[in-house]
1. Rank by packing, highest mean first: peptides 74-87, 111-124, with packing defined as the count of other Cβ atoms within 10 Å averaged across residues.
2. Which value in nm describes the separation of the simple spin-label points at MET237 and GLN266, placed 7 Å from the Cα toward the beta carbon?
3. How do 151-158, 352-359, 191-198, 43-50 rank on mean C-beta neighbours within 10 Å, highest first?
4. Measuring from label point to label point, each 7 Å out along Cα→Cβ, what is the TYR113 to GLN244 span in nm?
5. Can you tell me how much longer the chain between SER258 and ASP26 gets when fully stretched, taken as 0.36 nm per residue apart minus their C-alpha distance, in nm with one decimal?
6. Probe radius 1.4 Å, ligands and nucleic acids ignored: give me the carbon and sulfur share of the accessible area of region 304-382 as a rounded percent.
7. Relative contact order (percent) for the chain, with alpha-carbon contacts under 8 angstrom and 6 or more residues of separation?
8. Leaving out ligands and nucleic acids, note down the accessible area per residue over region 110-259 with a 1.4 angstrom probe, in whole Å².
Amino acid sequence: MASQPELYIGLMSGTSMDALDAVLVDFQTGQPRLIKHLDTPLGEPLRSELLNLCSPGANELHRLALADRQFAELSAELVLALLQATGYKADSIKAIGSHGQTVRHMPDAISAYTVQLGDPNTIAALTGIPVVADFRRKDIALGGQGAPLVPAFHDALFRQHAKAAEAIAILNLGGIANISVLPANSTEVLGFDTGPANTLLDLWYQLQHPDAADSFDRNGAYAASGDVNPRLLAKFMQDPYIQQTPPKSTGREYFNQSWLEDYLEQLPHWHGADLQATLAEFTAQSVAHGLQQCLKAADLGEISKVYVAGGGAFNDDLMQRLARNYPQASWHSVAELGVDPQHLEAMAFAWLARQFMQRQPGNLPSVTGASRATVLGGLFLP
């Protein structure tokens with residue numbers, strides 16, 4: 001008799017806030033098998049409100065509570081659409097792993113905290129499926145950064161590809177860029193947020209092209225048309241976050257329009273395309289700097305291959321800049337490992353939900369700086 005599938009749903013909306021992703025994953029063999037992916041735009045005015053909540057403002061508590069419910073309702077709608085598209089019933093799903101939408105991430109505050117919206121009670125009630133959520137705060141309670149959490153999944157999924165004495169890295173280019181380095185000769189995993197990726201690139205492109213059909217620089221064409229400003233790039237690379245030693249994590253609370261405007265005030269003349277090129281080069285150089293930090297921290301021989309996920313994997317100009325800034329590794333898409341670059345993070349939260357249900361740790365202290373490994377999240381029943 002054939003064994004039954006072990007089904008989990010992962011929900012993810014990242015720093016870019018461009019869409020909510022949902023994946024249905026089967027863990028029957030122990031390794032994740034993607035069955036179906038769906039996504040939906042966050043839509044206005046919800047996206048605008050979520051962006052506004054990343055910064056201090058009036059009447060925050062009321063506005064946050066409303067957005068919390070609205071994001072949860074959108075999440076539930078996407079889950080129900082995923083079930084309808086696949087023909088599965090709610091009672092066949094073990095659990096939903098919901099990351100929620102981060103609106104504040106302050107791991108270095110005097111009393112560290114992180115805030116993700118998307119009320120899991122509402123998702124559970126509307127879908128009839130148990131929800132595992134609130135993944136980050138347990139790690140912070142143990143002295144960690146609460147992020148990034150995906151390196152543990154990268155280790156479970158891709159460790160077998162680290163061979164001989166070399167290491168491989170997984171680079172996620174979402175709103176923020178984060179790396180996971182998997183050494184072949186050690187079980188320790190290194191990783192952290194290296195700095196901004198699409199968050200500043202998309203912001204600047206939208207400011208320069210308010211009426212464009214795309215909200216992002218497709219294939220990096222606009223950046224490729226400009227020239228890097230060396231003086232500004234050098235200032236970017238001296239930013240305190242870039243120079244900070246890991247463990248570290250960041251978000252839109254730090255790398256935002258105000259951050260960019262502070263630097264532009266120091267620059268008397270600039271051109272739109274040149275700034276786009278400089279931001280792209282900044283992403284590439286900060287990633288290369290992060291890879292070098294990992295090499296020094298673990299005394300690694302070399303990182304032989306870097307596999308890229310996230311929307312930035314489709315940015316031809318950015319991929320070329322990455323390869324130029326870190327030529328000692330070959331650069332690839334995670335598609336070569338059998339995973340669509342756009343699905344990897346949502347799959348990670350399906351995996352984290354499974355880790356919770358099996359009472360297995362979901363964090364890596366070597367990545368987040370937490371005092372110990374621990375089960376992450378809380379369970380919310382229908």
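The values are calculated or read from the model by the stated rules, or taken from the named source; none is laboratory data. Only a predicted model underlies this, so the values are computations on that prediction, with no experimental measurement involved. Using ideal geometry, Cβ is built from the backbone for each residue, glycine included, and neighbour counts are taken over all protein chains shown. We work out accessible area using only protein heavy atoms, side chains counted, and drop any ligands, DNA or RNA first. Shrake-Rupley method; radii C 1.70, N 1.55, O 1.52, S 1.80 Å.
1. So the peptides 74-87, 111-124, ranked by packing, come out 111-124, 74-87.
2. It is 1.4 nm.
3. The peptides rank, most packed first, as 191-198, 151-158, 352-359, 43-50.
4. It is 1.8 nm.
5. Working: separation 232, 0.36 × 232 = 83.52 nm, distance 4.26 nm.
Contour length minus the Cα-Cα distance gives 79.3 nm.
6. Here carbon and sulfur together make up 49 percent of the probe-accessible area.
7. Taking the mean separation of contacting Cα pairs over the length of the chain, I get 22 percent.
8. 39
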